[in-house]
């Protein structure tokens with residue numbers, strides 16, 4: 001589900017806002033979290049369980065780190081948290097690349113290749129990873145105290161407005177808003193205004209220019225990588241570069 005889709009604009013977002021503003025302050029975070037889990041499951045139903053399990057482990061690992069007084073043990077726990085999250089990113093981003101290169105070497109030597117099922121890259125894995133890192137590092141540096149509830153940490157990581165498309169949000173800039181925020185009508189109007197501007201840029205500019213680029217160079221990796229010398233030597237190439245940039 002993408003933010004400019006009919007499913008999001010006419011079904012998901014209105015239903016979410018209805019439930020959010022109907023619920024009491026006590027349950028608003030749970031409404032956002034459930035909506036975020038549903039939103040992410042829409043595009044990556046398999047990975048959502050891995051993401052949630054990793055987040056649970058990281059939450060208690062960082063909590064233990066914060067409660068530890070011994071500096072060496074504290075650094076060790078920080079290292080484990082960072083290794084867990086970067087390891088997840090490295091596995092999903094580079095496992096296919098690593099196995100393909102090993103198999104290329106094995107085929108040259110006549111050895112049996114590694115049997116491997118290609119791994120799909122989960123949506124938003126980079127944003128997820130770096131947000132978990134900001135939490136671990138901010139807690140380690142005592143920039144902010146850790147969250148009290150694992151559900152609030154899961155909300156910080158999985159909040160649907162930013163998980164799949166960013167930006168990466170530093171924990172210390174949003175922590176107080178997770179545990180106790182105050183909303184005004186001005187905030188709501190400003191958020192609605194920003195959403196409308198972003199949606200207009202996406203639908204009226206980016207999508208239109210994207211369709212123009214695809215009509216010239218295609219949308220498959222093979223088509224994009226294939227050198228078209230007639231295109232390169234024509235003014236159309238510069239229009240494609242500018243359109244792709246915008």
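General observations
- Residue in the range 106-121 that is in a helix (DSSP H, G or I), exposed (fewer than 11 other Cβ atoms within 10 Å of the Cβ) and assigned by TED's automatic domain parsing to the domain that holds residue 57 present: yes
- Which listed residue, of 53, 90, 95, is exposed (fewer than 13 other Cβ atoms within 10 Å of the Cβ) and out of contact with any helix residue (DSSP H, G or I) (no Cβ under 6 Å at 6 or more places or on another chain): 53
- Take the conditions (1) modelled with pLDDT of 90 or more; (2) not assigned by TED's automatic domain parsing to the domain that holds residue 178; residue 29 misses just one of them, which is (2).
- Among residues of the range 62-87 being in contact (Cβ under 8 Å) with a residue 60 or more places away in the chain and in contact with a helix residue (DSSP H, G or I) (Cβ under 6 Å, 6 or more places away or on another chain), the one that is nearest to residue 149 (Cα to Cα) is 62.
- Total residues in the range 170-190 satisfying the condition of being part of a helix (DSSP H, G or I) and within 21 Å of residue 151 (Cα to Cα): the figure is 9.
- Leading residue by the ranking (surrounded by the most Cβ atoms within 10 Å (Cβ to Cβ)) among those in the range 152-165 that are touching a residue at least 40 places away in the same chain (Cβ under 8 Å) and part of a loop (DSSP other than H, G, I, E, B): 160
- Subset of the range 2-45 (residues that are within 15 Å of the chain's Cα centre (by Cα), assigned to a loop (DSSP other than H, G, I, E, B) and surrounded by fewer than 17 Cβ atoms within 10 Å (Cβ to Cβ)): 2, 45
The values are calculated or read from the model by the stated rules, or taken from the named source; none is laboratory data. From a predicted model like this one, the values you see are computed outputs, not experimental measurements. Methodologically, a virtual Cβ is constructed for each residue, glycine included, from the backbone with ideal geometry; neighbour enumeration extends over all protein chains shown.
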